[in-house]
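Please read the structure below before turning to the comments.
Bear in mind these aren't lab numbers, they're just calculated from the coordinates by the rules spelled out. Just so we're clear, the structure is a prediction, and the values are computed from it rather than from any experiment. Because the Cβ atoms are built from the backbone with ideal geometry, glycine has one as well, and the counts that use them run over all protein chains shown.
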Amino acid sequence: MKADTRTRLAPRIAAVADQLQGLVAKGASLPPLATLAREASLSPFHFHRVWRAATGETLGRTLTRLRLSRALQLLAAGETVTQVALAVGYASPQALARTFRQTLGVTPAALRGQPAQATALLDRLQPPPPQIFQPLAVELVEIAPFEVVALRARGAFDDLDDAFGRLFGWAEAASVVDGIEALIGVPLGDHRDLPPHALQFDAAVRLPGPATLPRPLRSVTITGGRHARVRHVGAYSGLEDMTDRLLAWWWPQSGERLRDAPLHYHFLDDPEQVAEADLRADILLPLED
């Protein structure tokens with residue numbers, strides 16, 4: 001992408017939103033991620049993150065909002081709950097009712113043939129307002145690929161200390177703890193959007209050489225090449241918000257293309273030794289050469 005990326009990204013995101021609206025109108029299911037990513041000219045790996053950064057909401061939230069908006073219109077016209085559920089892509093009226101209660105605090109049955117009430121609820125299903133991002137100090141850096149010893153963690157983001165603690169315990173037992181060169185994290189989901197049981201994260205340490213690894217530890221290659229690097233200062237739980245700023249503000253006007261490879265974090269401080277407000281971590285976003 002060249003210098004007009006910012007103006008080109010918005011219509012591509014809008015095109016996907018229009019496609020989603022058309023699917024909802026037909027009661028069709030969501031197509032594969034690769035199809036949506038191709039529509040937006042993005043790699044499947046980065047599509048979810050770019051979507052959230054550009055729209056202010058997850059793809060799932062967008063789809064739910066569009067489905068409920070259409071459902072309100074149909075209910076106001078007198079359609080039955082079963083008819084509406086199937087018409088907007090829910091497998092059953094119970095699934096539609098559950099989403100209505102969770103999102104709007106009301107049952108769809110209570111809205112059937114009630115256009116005034118349904119119209120009032122439509123205001124609660126508007127897209128988020130445009131986000132305003134402060135400029136970032138972003139560096140373009142070239143890094144060589146490197147190996148890390150990784151432990152796949154599952155659970156709440158705030159529990160990642162336990163995963164790194166297990167890594168350090170292994171490193172001490174293997175007499176390699178003094179050789180640890182860096183603490184690396186590879187997010188496999190967004191902790192703001194996923195429940196703890198679905199959130200996965202590779203906690204990793206970089207060592208100067210190979211080591212014998214017991215399960216579940218494994219060796220993982222962090223891809224080299226060009227990266228955009230930005231430093232986050234503060235609680236590590238704010239890394240995703242900083243990533244949004246990188247993708248929504250810096251990237252569209254950078255003229256750079258995203259490489260289909262995972263971003264990673266380089267943790268520079270130990271939360272047990274540094275105050276939360278002073279913690280530092282670099283976000284490294286892979287770019288095409």
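Compute the whole-percent fraction of alpha carbon pairs in the chain spaced more than 35 Å apart. Pairs farther apart than 35 Å: 31 percent.
Put simply, when 90-97, 36-43 are sorted by average Cβ atoms within 10 angstrom per residue, most first, you get 36-43, 90-97.
All C-alpha pair distances within the stretch 60-181, sorted into 5 Å bins from zero, spread as 2, 9, 14, 12, 7, 7, 7, 7, 8, 9, 8, 5, 3, 1, 0 percent across the bins. Mean sequence separation of contacting Cα pairs (under 8 Å, at least six apart), scaled by the length of the stretch 5-125, corresponds to a relative contact order of 25 percent. For the stretch 1-127, the residue among VAL84, VAL50, ALA120 whose Cα projects farthest onto the positive side of the dipole built from Cβ charges is VAL50. If R0 equals 45 Å, the separation of the Cβ atoms of SER29 and ASP161 corresponds to a calculated FRET efficiency of about 0.70.
Note on the chain: with charges restricted to the Cβ of Lys and Arg (+1) and Asp and Glu (-1), its dipole about the Cα centre is near 1560 debye. In sequence order, the stretch 193-206 has phi-based couplings of 10, 10, x, x, 5, 9, 8, 10, 7, 8, 8, 8, 10, 9 Hz under the Karplus curve 6.51 cos²θ - 1.76 cosθ + 1.60, θ = phi - 60°, and Gly or Pro positions carry x. Order these by the 10 Å Cβ neighbour count, fewest first: PHE146, PHE47. Ordered from fewest to most neighbouring Cβ atoms within 10 Å, PHE146, PHE47 come out as PHE146, PHE47.
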